[in-house]
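Let me begin by presenting the structure, written as structure tokens, before commenting on it.
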Amino acid sequence: MDIRNLVKMANQIGSFFESMPDREQAKADIASHLKKFWAPRMRQAIVEGLATQDTDELMPIVREAIDGHRGLLA
């Protein structure tokens, strides 16, 4: 799984939800979207990528969403 492609796709999702006025709800919605529409191995790769890969290009809101909702994404 190419982590760079996953980061790009996750950032596209983050861009959509970032404009929401409630940041906590936006992060929950990002995590929910990943849970609903990404295959388990994609979710696993992005979660693991936070610790082991170069994910510096990940938007802060997406990083926070993934970090804060690891249980949902597992």
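The values are calculated or read from the model by the stated rules, or taken from the named source; none is laboratory data. Since this is a predicted model, take the numbers as computed values, not measurements. A quick note on method: Cβ atoms are made from the backbone with ideal geometry, for glycine too, and the neighbour counts reach across all protein chains shown. Note: areas computed on protein heavy atoms with side chains; ligands, DNA, RNA excluded. Shrake-Rupley method; radii C 1.70, N 1.55, O 1.52, S 1.80 Å.
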Accessible area per residue for the chain in Å², computed with a 1.4 Å probe and the full protein assembly in place, what is it? 61 Å²
Roughly how compact is segment 1-61, stated as its Cα Rg over 2.2 N^0.38 Å to two decimals? 1.07
Per DSSP H run of at least 4 residues, take -39500 (n - 2.57); add these up for the chain, divide by its residues and hand me the 222 nm value, nearest 500 deg cm²/dmol. -23000 deg cm²/dmol
Segment PHE16-THR52, length gained on full extension (0.36 nm per residue, minus Cα span): 10.3 nm
Estimated inter-spin distance, LEU72 and GLN44, nm [label 7 Å along Cα→Cβ]: 2.1 nm
Which percent of the accessible area of the chain is formed by carbon and sulfur heavy atoms (probe 1.4 angstrom)? 51 percent
